[in-house]
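> Attaching a single structure in structure tokens format; questions to follow.
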Amino acid sequence: MAKQSANGKRPWHLTPLVAMSDAQYQQWVDLLEARTGIFLPPERKSFLLTSLSTRIRELNHKDYASYYRYLLSGKEGDVEWEVLVDRLTVHETRFFRDQHSLDLISKNFLPDYLADSGDPVRVWSVGCATGEEPYTLAMLLDDYMRKERAGRGFFVSATDISLGALAAAMRGRYRNNRGANLPAEYAERYTRRVDSDYFEVNHDLRQQVSFTQFNVIKPAQARPEEMDIIYCQNLLIYFKRERRVAILEHLIKHLRPGGILILGPGEITNWNNPLMKSMACPATLAFQRRADTVNEQGGGA
């Protein structure tokens with residue numbers, strides 16, 4: 001119990017929640033995996049407890065059990081689930097995060113791929129978080145088209161499960177530290193200073209990127225489009241291997257013959273699909289769809 005202060009009032013203190021049992025933890029793990037595919041191993045229990053306890057106190061629920069029941073309570077629970085998912089998904093990212101992968105696109109892939117075609121280039125950023133990744137890809141493509149393929153169009157589709165992250169992405173406003181890796185030329189052309197702490201992506205570039213909510217474990221939600229580049233980094237790490245494979249098998253249905261799939265290093269091992277061939281790239285995990293393959297469903301999934 002807290003001691004009284006000099007003025008006779010009890011100092012503020014945080015009342016701890018009742019401890020979560022192993023059975024309760026498994027119940028939360030099962031719910032999260034069933035709805036999002038994300039798997040939380042036992043060593044991440046503290047992360048879950050911190051996120052849940054913060055939200056429980058904000059809503060004045062008394063314990064984990066009552067909050068769990070609230071999440072399953074119908075429309076109100078559905079709305080609250082969106083808030084919780086935003087808390088439980090990691091949005092830490094930055095512009096030009098993986099230069100090796102970007103070099104693969106601009107130096108190895110685009111020159112040969114675009115040689116004989118005039119179609120717009122379509123890119124899918126899967127698990128786009130707060131938008132730094134798709135805006136980076138848009139900058140890269142715009143710069144390449146300016147210098148190498150004048151007049152060639154492109155479009156970036158960006159998806160994430162978190163509505164909160166997508167709202168931030170559509171605003172396109174970021175703290176300065178998120179743009180620490182931005183080349184000076186790109187920062188000058190594609191962004192503007194808001195104040196001493198923030199910058200924002202220019203309107204014209206934002207128009208080249210569309211943001212849509214998408215849950216990767218529900219493939220029927222995806223648009224039936226073929227992409228030239230699918231960029232899916234630091235997403236698969238949240239899933240069990242069998243789920244990772246299922247996600248990849250769906251993604252490649254949206255890849256044009258000759259298109260590429262770029263993952264984070266080490267996100268999948270010993271994955272083989274007859275439609276795909278691995279690409280030899282330093283510090284990058286990438287696969288290319290074989291040029292002689294055709295989607296059975298006419299380009300859709």
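Every read-out reported here was derived from the displayed coordinates using simple, explicitly stated rules and does not represent laboratory data. These numbers come from a predicted model, not from an experiment. In this analysis, Cβ positions are derived from the backbone assuming ideal geometry, glycine residues included, and neighbour counts consider all displayed protein chains.
> Work out from phi, with θ = phi - 60° and the Karplus expression 6.51 cos²θ - 1.76 cosθ + 1.60, the ³J(HN,Hα) of each residue of region 243-258, listed in order in whole Hz, and give x for Gly and Pro.
6, 4, 4, 4, 5, 5, 4, 6, 4, 5, 5, 9, 9, 5, x, x
> Explain nothing, just compute: Karplus ³J(HN,Hα) = 6.51 cos²θ - 1.76 cosθ + 1.60, θ = phi - 60°, for every residue of region 220-228 in order, whole Hz, x for Gly and Pro.
So the J values, rounded to whole Hz, are 5, 6, 6, 5, x, 10, 9, 10, 8.
> Still on this model: Just to be sure I understand the model, the point goes 7 Å from the Cα along the line to the Cβ. What's the resulting ARG241 to ARG189 distance in nm?
4.4 nm
> Taking amide H positions as placed in the peptide plane 1.01 Å from N, state which residues far from PHE154 in sequence (5 or more) or on other chains have amide H under 5 Å from it.
Hits under the 5 Å cutoff: VAL121.
> So, counting K/R as plus one and D/E as minus one, what does the shell of residues with Cβ under 9 Å around ALA129 add up to?
So the surrounding residues net to -4.
> Starting from the Cα of ASP119, step 7 Å along the direction of its Cβ; do the same at GLU92; then give the gap between the two resulting points in nm.
3.9 nm
> For volume of the Cα convex hull per residue in Å³, one of (i) 136; (ii) 238; (iii) 177 was computed from the structure I shared and the rest are decoys. Which label?
Checked against the structure: label (iii).
> Suppose we keep just the alpha-carbon trace of region 34-134; what are its Rg and Dmax in angstrom?
Rg and Dmax of region 34-134, Cα atoms, are 20.3, 64 Å.
> Please report, in whole Å³, the volume per residue of the convex hull around the C-alpha atoms of region 22-88.
81 Å³
> Return the sequence-ordered ³J(HN,Hα) values of region 29-45 in whole Hz as given by the Karplus equation 6.51 cos²θ - 1.76 cosθ + 1.60 applied to θ = phi - 60°, using x for Gly and Pro.
Those phi angles translate into 4, 5, 5, 5, 5, 5, 8, 10, x, 5, 10, 10, x, x, 5, 9, 4 Hz.
> Once every DSSP H run of n ≥ 4 in the chain is given -39500 (n - 2.57) and the sum is divided by its residues, what mean residue ellipticity at 222 nm do you get, rounded to the nearest 500 deg cm²/dmol?
Per the formula, -10500 deg cm²/dmol.
> On to the next question. Quick one: which residues, 5+ away or cross-chain, put their amide H under 5 Å from the amide H of GLU225? H built at 1.01 Å from N.
ALA301
> Can you tell me the mean projection area, over all orientations, of the convex hull of region 73-132's alpha carbons? Units nm², please.
Mean orientational projected area (region 73-132, Cα hull): 6.4 nm².
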